[in-house]
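Peer 1: Structure in structure tokens, see below.
Values quoted throughout were computed directly from the atomic coordinates according to the rules given, and no laboratory measurement underlies them. What you see is a predicted model; the values in this text were computed from it and never measured. Note that each Cβ is placed from the backbone with ideal geometry, even for glycine, and that neighbours are counted across all protein chains shown.
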């Protein structure tokens with residue numbers, strides 16, 4: 001035992017030293033791994049913070065452009081042309097109306113659609129403009145207001161959508177019918193007709209012994225229309241300046257075509273003529289005439305009259321829409337802009353009513 005004592009103690013010491021070295025190596029690797037994890041986490045935190053800062057950084061807010069209608073006309077839409085690109089903004093803005101849009105910026109050519117004419121303004125500097133005010137003088141005027149109180153006036157040109165007093169219409173209204181192919185519409189008019197913001201063909205048509213500024217609007221028919229579905233004429237819009245003589249001629253022409261009043265909406269008054277079975281047709285027409293004369297003298301608000309074929313009226317008594325194929329005329333009176341608008345649409349019998 002005495003001889004083995006030193007050897008045993010030496011072996012024990014060597015074992016302890018080996019264990020200490022292993023522990024130190026283990027601690028070093030642990031520290032390396034821990035440091036690596038810390039570096040990865042730190043990088044992720046920094047990257048995340050940078051990403052969050054990038055996401056949180058707000059972009060430039062869109063600049064607002066206020067459109068003011070200081071004319072006596074309706075402003076249906078405005079077209080902004082920059083280079084070869086053209087985009088439209090729909091307003092349907094009455095006189096004294098205003099609206100806010102996103103400023104398209106840059107220098108653009110403007111096309112203002114009043115329903116009866118197109119106003120063309122060239123090279124309008126919109127980039128820093130805050131508002132655009134439209135006025136009417138001998139020629140249309142456009143006023144630009146900028147942030148520092150600066151103003152700029154531009155004069156535009158008028159392109160009338162009605163022919164001159166000695167010119168006739170391009171075509172008569174009865175040559176067209178809702179549902180006909182648009183290629184046939186264009187054949188009757190121009191090979192390259194002018195169009196509005198809804199892609200409606202602009203033309204002048206004759207109806208009721210008068211020439212009207214007309215819009216022939218296309219649509220795709222069918223349950224599942226596709227890009228290959230041919231376009232057909234959906235409805236037609238006629239427009240003239242409003243006065244009592246024009247209104248009387250229009251109503252008399254429709255009465256001669258066997259149309260009768262169906263419904264009328266005026267400020268504070270709604271009339272459904274099918275709910276007056278005890279009143280004969282002539283008295284109904286006389287009632288409508290008196291109501292419209294009063295409305296015209298007041299020159300406030302807006303009135304709408306819908307006319308349907310006389311033989312269809314009994315079927316419309318309890319219906320919100322026709323239950324069989326029919327062409328309807330809807331007349332809108334707008335004294336504020338002195339506009340008379342006639343919408344011609346064909347309603348098709350739906351499956352439920354068959």
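Peer 1: Kindly provide the pair-distance distribution of the stretch 64-160 built from C-alpha pairs, with 10 Å bins from 0 and whole-percent values in order of increasing distance.
Peer 2: 16, 57, 26, 1
Peer 1: Can you work out the FRET efficiency for the pair residue 297 and residue 265, with r the C-beta to C-beta distance and R0 = 22 Å, to the nearest 0.05?
Peer 2: 0.75
Peer 1: To continue, here is another question. Could you list the residues of the stretch 64-91 with an amide nitrogen less than 19 Å from a label point located 7 Å from the Cα of residue 128 in the Cα-to-C-beta direction?
Peer 2: The answer is 64-66.
Peer 1: If you average the alpha carbon positions of the stretch 278-299 and of the stretch 132-165, how far apart do those two centres end up, in angstrom?
Peer 2: Computed from Cα coordinates, the inter-centre distance equals 39 Å.
Peer 1: Here's another thing I want to ask about it. By how many nm would the segment from residue 145 to residue 159 grow when fully extended, if each residue of separation counts as 0.36 nm and the alpha-carbon distance is taken off? Walk me through the numbers on the way to the answer.
Peer 2: Details: separation 14, 0.36 × 14 = 5.04 nm, distance 2.55 nm.
Going from the current span to full extension adds 2.5 nm.
Peer 1: Determine the gain in length on full extension of the stretch residue 243-residue 188; use 0.36 nm per residue of separation and subtract their C-alpha separation, reporting nm with one decimal.
Peer 2: My answer for the length gained is 16.8 nm.
Peer 1: What is the spin-label model distance, in nm, from residue 195 to residue 282 if the labels are put 7 Å beyond Cα along the C-beta direction?
Peer 2: Between residue 195 and residue 282, the label points sit 5.0 nm apart.
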